[in-house]
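Please treat every number below as a calculation from the coordinates, not as lab data. As the structure is a computational prediction, the values presented were derived from the model and not from experiment. Glycine also receives a Cβ, built like all others from the backbone with ideal geometry; neighbour counts cover every protein chain displayed.
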Amino acid sequence: MDGFKKPYRGTRHVYVHDKEHEDKTLVNLYKDSEFAKENAIKKDAKEPDDTLDIEREEDDIENFLNDSKVESEEEVPVKKSVKKAKKKAAKKKKACKKILKTILKIFFAILLIAAAVIGVLLLFKASTSTNVIEQNKIQEAVADNLYYAPLTGIEIDHKVDANAGITCAMIENSVDARPQSGLRAAEIVYEAIAEGGISRFMAVYQANKPNYIGPLRSARLTFVHFAKQYNCMYVHVGGATNAINELRGGGYREMDADWNMNKYASRKISPGRYAPHNVYSRSVWLDEYAFKKGWTTSTLASFARIQPDTINEVEKRDATKINIKLSGDNSYNPHFDYNATTNTYLRSHQRGGAHYDKEENGQRIQIAPTVVIAMKVHVIPRAQDVNGYTDHVTYGEGEAFVFQDGTVTAATWRRNGPADPLKFYNKTSNEEILLNRGQTWITAYPDTIGAVNWE
């Protein structure tokens, strides 16, 4: 087979060297081909005599040629070039498809990310909108359910039952007892002469719970009658005979240090303080005692207050300095200076300077009620008292002056009996006076030597 190139593997290609050798070569190629062998097997099956004439052989060669593809040697490189180009084009096409597929993947990934971002933004917007709506609802709910201290009308951050238990504590005001503790936190304070021209206070608590209260002193009938309207726990250390008789026979809730010394303590935060100016108690002790006694509710009849956030219109502040005379000793006669910034009255003693309240940390803060009321009371001799001490009648009616917003209103106080609430009426219109919200300070001055003046 010299002069012929090897056929491609797996194909039936026949190569010839040149045209002049074509006849001789075709016969030999045919005889050596698989086609001839397969054809011979088929013929043996049909003609067992194994005869083969030349004419039939030529036909077989022609069939072989038709079945095979004969190419000249010059055509082979062209064919290879075409195949290579096709292969290259196919490869390029495949690469393009791969690139296109990658681009599509990136495109769809970007679409998904964009959709996710838009979705998150929409959800955030919806959530923010929902939160704003919920916050508005909460603010509206809070606005509809604001909490106010029943005794003062001041807005506070917790709810206090209007009928929650009330404590009325007797606090001393002798010069040696100053500064006191717990007076600034009192919601209502009653002031009157106890004896010998020395005044005393009864501090009323419900929503406010000061740590220390004192120094505590003895009961007086004037204050016992003030306390009855509150159905409060009356805290004291001993007392005048008529006051003790009233407490123990009149259905009062009494807490006397003589019986309950474990609820009182000598005050260690004021070194040098000596008896009887050193007896103090604490709100937590008093509340514990009231709870054990079942004194957890009180019948409240407090003062009429202006509506929340209401500001009284004042044409002229005609009462910014107030003096009230209780005693012949100016150490016990109070003075008040109106503070327009806080709309309160800074309290002082006409002799002795500013009236401070001492905090547990030692800080001293000047007492400054929102409303100051001076009420004239009738003086009567103290029953069964050989010392000539007096008490005051705190029920019935009498003259009063109500100071608030830097002004004064002439008034009449009325009260049918000790158990009835104390009320103040405008002397001109006879309508109940609406008091500002905050601490109310009531000074009962005697109709004998007492007086009130302002400027």
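Other residues whose C-beta falls under 12 angstrom from the C-beta of Phe201 contribute a net charge of +3, scoring Lys and Arg +1 and Asp and Glu -1.
Using a cut-off of 21 Å between Cα atoms, the listed pairs Lys209/Lys325; Lys228/Lys293; Lys159/Lys209; Lys293/Lys358; Lys376/Lys427; Lys209/Lys293 include Lys209/Lys325; Lys293/Lys358 as exceeding that distance. The HN-Hα couplings worked out from phi for the stretch 367-376 by the Karplus form 6.51 cos²θ - 1.76 cosθ + 1.60 (θ = phi - 60°) are 6, 8, x, 7, 10, 10, 10, 10, 10, 7 Hz, whole numbers, x standing for Gly and Pro. If the segment from Tyr274 to Glu432 were pulled out straight at 0.36 nm per residue, it would be longer than the present Cα-Cα gap by 52.4 nm. For the stretch 300-455, the share of alpha carbon pairs falling in successive 5 Å distance bins from zero is 2, 8, 16, 20, 19, 16, 11, 5, 2, 1, 0 percent.
Here is the result for the stretch 324-400: no chymotrypsin sites (Phe, Trp or Tyr not before Pro) lie in DSSP coil with at most 13 other C-beta atoms within 10 angstrom of their C-beta. Remark on Leu435: its backbone amide H falls under 5 Å from those of Ala304, Arg305, Ile306, a criterion applied only to residues 5 or more positions apart or on other chains, H modelled at 1.01 Å from N. A rounded overall shape is assigned to the stretch 167-454, the ratio a/c of its alpha-carbon gyration tensor axes (a ≥ b ≥ c) being less than 1.5.
3J(HN,Hα) along the stretch 314-329: 10, 6, 8, 7, 9, 8, 9, 10, 10, 10, 10, 9, 10, 9, x, 9 Hz, from the Karplus curve 6.51 cos²θ - 1.76 cosθ + 1.60 with θ = phi - 60°, whole Hz, x for Gly and Pro. Take 286-293, 315-322, 189-196 and order them by the average number of nearby Cβ atoms within 10 Å per residue, most first; the result is 189-196, 286-293, 315-322.
The length gained on full extension between Tyr147 and Leu112, counted as 0.36 nm times the residue separation minus their Cα-Cα distance, comes to 7.4 nm. Applying the Karplus relation 6.51 cos²θ - 1.76 cosθ + 1.60 with θ = phi - 60° to the stretch 348-357 yields 3J(HN,Hα) values of 9, 9, 4, 9, x, x, 4, 9, 9, 10 Hz, where x marks Gly and Pro. A crude spin-label estimate for the pair Ile380 and Leu100, with each label 7 Å from Cα along the Cβ direction, gives 11.4 nm. Classified by the C-alpha gyration tensor, the stretch 337-421 has an oblate form. Its axis ratio a/c, with a ≥ b ≥ c, is 1.5 or above, and a/b does not exceed b/c.
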